[in-house]
Each structure stands twice: as structure tokens, then as C-alpha cells.
Amino acid sequence: MTAPTNDDRIRTLWVTMAENWAEGDAVRFAANFSQNCDFTTVRGDKPSGRAGIAAGHAALFRTVYRGSTLMARVRDIRYLRDDIATVNAESEITGSDGTVLARTHALAVLEFDAGAKRWNITAFHNMVPLSSVGTPGV
């Protein structure tokens, strides 16, 4: 068996986020982000760091996204340095009845934490593409 590559580890991070989402576990979901992550939601809100991400997602998991699942797919990874990467990802959130509730695209900046031997998301900008809400693109 070959050792996982950085690409593998980064893709696994998105799988883990989807699993945490399906469990409705906001704390574990937020643990994929750095303590002081610069996070921008699809509404343009900017929760403060990991704690803000956890609080915001806890509210979502109790309400509009209760029982939902997240399908997350890494589109591409670009290494700026050995320990810094950008990731373009897309997601689809599906309600418990199978209805697609949202489709999003995100640009994330990841940093490798050598002490923890893992990648963390340090910046995340999430957006809903115009095409997914029925508005023609510009």
C-alpha cells in the first residue's frame, strides 16, 4: 500500500466534512478549519474563527439543514508552497426527503500543520453560483 499523498489528504478532508455534516455535528465539522479561519458564508456573513463556524452550523443543523447531507467534491488543488494550497470545491446539500436544497462553490486556502500532521482550512469563501438560483450569469 502506498502512503497517502497531500492530494489524498486534502480530498479526505472534504470527505470528513461531509461525514460530520451528515452526523449534524457542528463541532466536528468546524474542527476541519483552523482556530482563526477566515470564513465567508454564502450570505456574506463572517463568523469568527472555528467557534463561529461551529455556532453557525449548529444553528443550521437544528433548523433548515436538519437531517441533510452534503456531497462535497474537490475540483482542483493548487500548491502555492509545500505547506499552503488552494482548493476549488463544489457541494450539494440534499434534504432528508432527497430534495436538493443548495449547490455551492468554494475557494479555500489550506495550511499544513506540521505539529498535528494534517491540513487545516485557514480561509474559506463559499458562494451560490448564479446559475443554481436561476439568474443568468454576467
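Results, tabulated for the structure shown:
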read-out: Interchain or long-range residues, amide H under 5 Å from residue 101's placed H; value: 93, 94, 95
read-out: Taking the C-alpha atoms of segment 1-60, convex hull volume expressed per residue in Å³; value: 96
read-out: Surface share of carbon and sulfur [accessible, 1.4 angstrom probe, percent] for segment 1-135; value: 52
read-out: Accessible area in square angstrom per residue, the chain, 1.4 angstrom probe; value: 59
read-out: Gain upon complete extension [residue 99, residue 19; 0.36 nm per residue less C-alpha separation]; value: 26.9 nm
read-out: Taking all pairs of distinct alpha-carbon atoms in the chain, Kirkwood radius in angstrom; value: 15.5
read-out: Rounded tilt (10° steps) of 49-62 against the dominant C-alpha axis of the chain; value: 40
read-out: Spatial separation of Cα centroids for segment 97-115 and segment 50-89, in angstrom; value: 3
read-out: Contour excess over end-to-end distance, with Cα ends at residue 123 and residue 88 and 0.36 nm allotted per residue; value: 11.4 nm
read-out: Rounded to whole Hz, the Karplus (6.51, -1.76, 1.60) HN-Hα couplings of segment 14-19, x for glycine and proline; value: 5, 4, 4, 4, 5, 5
read-out: For the chain: relative contact order, % (alpha-carbon pairs under 8 angstrom, 6 or more apart); value: 22
read-out: Surface accessible to a 1.4 Å probe, residue 5 within the full protein complex, Å²; value: 70
read-out: Candidates 43, 28, 75, ranked by Gaussian network fluctuation over the chain, Cα under 10 Å, top entry; value: 43
read-out: Computed lengthening from residue 66 to residue 107, 0.36 nm per intervening residue step minus Cα-Cα distance; value: 12.3 nm
read-out: Inter-probe distance in nm under a simple model that places probes 7 Å from Cα toward Cβ, at residue 81 and residue 45; value: 3.3
read-out: Coarse-grained scattering of segment 52-123 at q = 0.15, 0.16, 0.18 Å⁻¹, given as base-10 log I(q)/I(0) from a Debye sum over alpha-carbon atoms; value: -0.64, -0.71, -0.83
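The values are calculated or read from the model by the stated rules, or taken from the named source; none is laboratory data. As the structure is a prediction and not an experimental result, all values here were calculated from the model. Don't worry about glycine lacking a Cβ; one is built from the backbone with ideal geometry, like all the others, and counts go over all protein chains shown. Calculation scope for accessible area: heavy atoms of the full protein, side chains included, ligands and nucleic acids excluded. Shrake-Rupley method; radii C 1.70, N 1.55, O 1.52, S 1.80 Å.
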